[in-house]
1. I'd like the accessible area for Phe105: 1.4 Å probe, protein heavy atoms, all chains in place, Å² to the nearest 10.
2. Mind pulling the per residue volume of the convex hull built on the Cα atoms of region 22-137? Å³ is fine.
3. What is the sum of charges, Lys and Arg at +1 and Asp and Glu at -1, for the other residues whose Cβ falls under 14 Å from the Cβ of Arg15?
4. Expressed in nm to one decimal, what extension gain is obtained for the pair Glu78 and Ala90 from 0.36 nm per residue of sequence separation less their Cα-Cα distance?
5. Suppose all protein chains stay in the model; what accessible area per residue would a 1.4 Å probe give for the chain, in Å²?
6. What figure in square angstrom, to the nearest 10, would you give for the accessible area of Thr122 with a 1.4 Å probe?
7. Could you list which residues have their amide H under 5 Å from that of Phe131, counting only those 5 or more apart in sequence or on another chain, with H placed in the peptide plane?
8. Pro120: net charge of surrounding residues, Cβ under 14 Å, Lys/Arg +1, Asp/Glu -1, itself excluded?
Amino acid sequence: VERTLSIIKPDATRRNLTGRINAKFEEAGLRIIAQKRIQMTPAQAGTFYAVHKERPFYGELCDFMASAPVVVQVLEGESAIAKNREVMGATNPADAAAGTIRAEFAESVGENSVHGSDAPETAAVEIAYFFSGLELV
Ligand code: ATP
Ligand code: MG
């Protein structure tokens, strides 16, 4: 089994969508094995999204991610990384397949409701950014 880091982003927590998004994960066979609500500073969001620091939307992205609480979570399952990205749908909700989280809930390419790790190496780094070993059972 594999683990991946998921974030329910500020646009979704503001609209009280945590439960409906979690239901999508569980219906897809992903198990929520750790979860907490936090609010990042822009600097903490910046460290999390450091791979994007040269992109034109980086500042806006960091401010958005710090604009309200987020729910950070670890999802576990067979091929969890790919399965989670499938359930999330395309980055831009206009391109997201019907039934995906972004198709149903995302507001724009920036405010797109969820984050999911994109590879085993990034999943390990991202899980360790938010959770200690003791929180992962
Ligand atoms: P994530 O990494 O959040 O799971 P992703 O892998 O689908 O999403 P990335 O290309 O890694 O997409 O972009 C990271 C995040 O940056 C996106 O989820 C979105 O919030 C934001 N973003 C990406 N492209 C744009 C854009 N053109 N304008 C504004 N924000 C963007
Ligand atoms: Mg990404």
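1. Rounded to the nearest 10, the figure is 20 Å².
2. 108 Å³
3. 0
4. 2.3 nm
5. 51 Å²
6. Counting only protein heavy atoms, the figure is 50 Å².
7. Residues meeting the amide H criterion: none.
8. Result for the neighbourhood of Pro120: -3.
The values are calculated or read from the model by the stated rules, or taken from the named source; none is laboratory data. This one's a predicted model, so the numbers in the text were calculated from it and none came from an experiment. Using ideal geometry, Cβ is built from the backbone for each residue, glycine included, and neighbour counts are taken over all protein chains shown. Heads up: the accessible areas ignore ligands, DNA and RNA and are worked out on the full protein's heavy atoms, side chains in. Shrake-Rupley method; radii C 1.70, N 1.55, O 1.52, S 1.80 Å.
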